[in-house]
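The values are calculated or read from the model by the stated rules, or taken from the named source; none is laboratory data. Since the structure is predicted, the reported quantities are computational estimates derived from the model, not experimental observations. Quick reminder, even Gly has a Cβ in these numbers, built from the backbone with ideal geometry, and neighbours come from all protein chains shown.
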Amino acid sequence: MNLFPLTEYDFIIVSFSGGKDSQACVAKLLADGAPRDKIELWHQHVDGDKPGSLMDWPCTPAYCQAYADEMGMELHHQWKDGGFEGEMNRQDQQTQGAYMHDGQGDQKYLPPSSRGKKSTRRLFPQVTANLQTRWCSAYLKIDVAARAIANDPRLTTATILYVTGERREESAARAKYKTHEPHRTSGTRRRVDHYRPVLDWTESQVWNAIETTGIVPHPAYRLGWSRLSCVACIFGQADQWASLNHIAPAMVAKIVGYEDRFGKTIHRTLSVQEQVGRGRVYPATKAAPVSLLAQAMATTYTDAIAAADWTLPAGAFGRSAGPS
């Protein structure tokens, strides 16, 4: 298949985490001539409708909204009913439905499939590239976004470019991805092309693209995190867990409690508490002003979103902790 010219799509939907790669996607689309008014940013809340209740950065939804406002784009929200915690605690139940919200006050519930089977998790996602056992990405992001595409009445007969920010440089698995392919929601009435515009980019190219926009990076990067995934990402290395414990010990304690309850750790051989003990707090986290620490853990975003004197954040080019 070939992509249409960017101007010919009815909608250009960017799967938007607020992180560097999704921001680079937006920058590249604009540089390549995508009409700004056709670009929508879609953000899936990992913790459901309670940001930061277990795994994610509390400020991320608000940061994404500030970015969208600055860039003059719509932000649409989706989330799994019950979020990460609800899915993880599922016991002899089928997976829950999802919500889609367009950022304009309209909210729609998407009920579970009538064909869904009951099963039990009671387990954190496992540290693997396999999306069946690393279920957080599949169930809380990928599936939720696909259901929103399939149920958005605006998109029933539309031509859509669905954009994600994977890069080959990140992992051996992602190195095998295609630059573009049909999306699973594509059909006879609705065409959805899945496009990965920064697949062959280096991290240097990503940061250079963000600098052209003047957007201030998410607090995670300013605190020394190299990736904007969950603040308590299951792929986190010891230093990341130590840094999280430094800024949010109650969040770490809650996760440790779940490990004890399940009798199985996130890491294959080390508990979160052991990782905290082995790690060193990021220097940027240690040196961070109280205002930045508070902003990272707030559910509102009041920091500047754009800056004329843009600077590379402390987490840039750090040790990546993500899918293999």
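In table form, for the structure just shown:
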| read-out | value |
| --- | --- |
| Boolean, Ala148 is buried (at least 17 other Cβ atoms within 10 Å of the Cβ), assigned by TED's automatic domain parsing to the domain that holds Ser15 and among the small types (Gly, Ala, Ser) | yes |
| Matching residues, the range 151-201, being among the polar types (S, T, N, Q) and touching a helix residue (DSSP H, G or I) at 6+ places or on another chain (Cβ under 6 Å) | Thr185 |
| Residues satisfying the stated conditions in the range 155-199, i.e. assigned to a helix (DSSP H, G or I) and basic (Lys, Arg) | Arg168, Arg174, Lys176 |
| Cβ pairs under 7 Å, 6+ apart, first in the range 126-141 and more than 22 Å from Leu270 (Cβ to Cβ), second of a type in the set (D, E, K, R) | Tyr139/Lys80; Tyr139/Glu87; Leu140/Lys80; Leu140/Glu87 |
| Hits in the range 287-311 (condition: crowded, with 16+ Cβ neighbours inside 10 Å, of a type in the set (Gly, Ala, Ser) and outside any loop (DSSP other than H, G, I, E, B)) | Ala296 |
| Every pair of residues 6+ apart whose Cβ atoms lie under 9 Å, when the first sits in the range 253-277 and is loosely packed, with under 13 Cβ neighbours inside 10 Å while the second is among the β-branched types (Val, Ile, Thr) | Arg268/Val127 |
| Total residues in the range 246-265, condition β-branched (Val, Ile, Thr), out of contact with any Leu (no Cβ under 9 Å at 6 or more places or on another chain) and at pLDDT 95 or above | 1 |
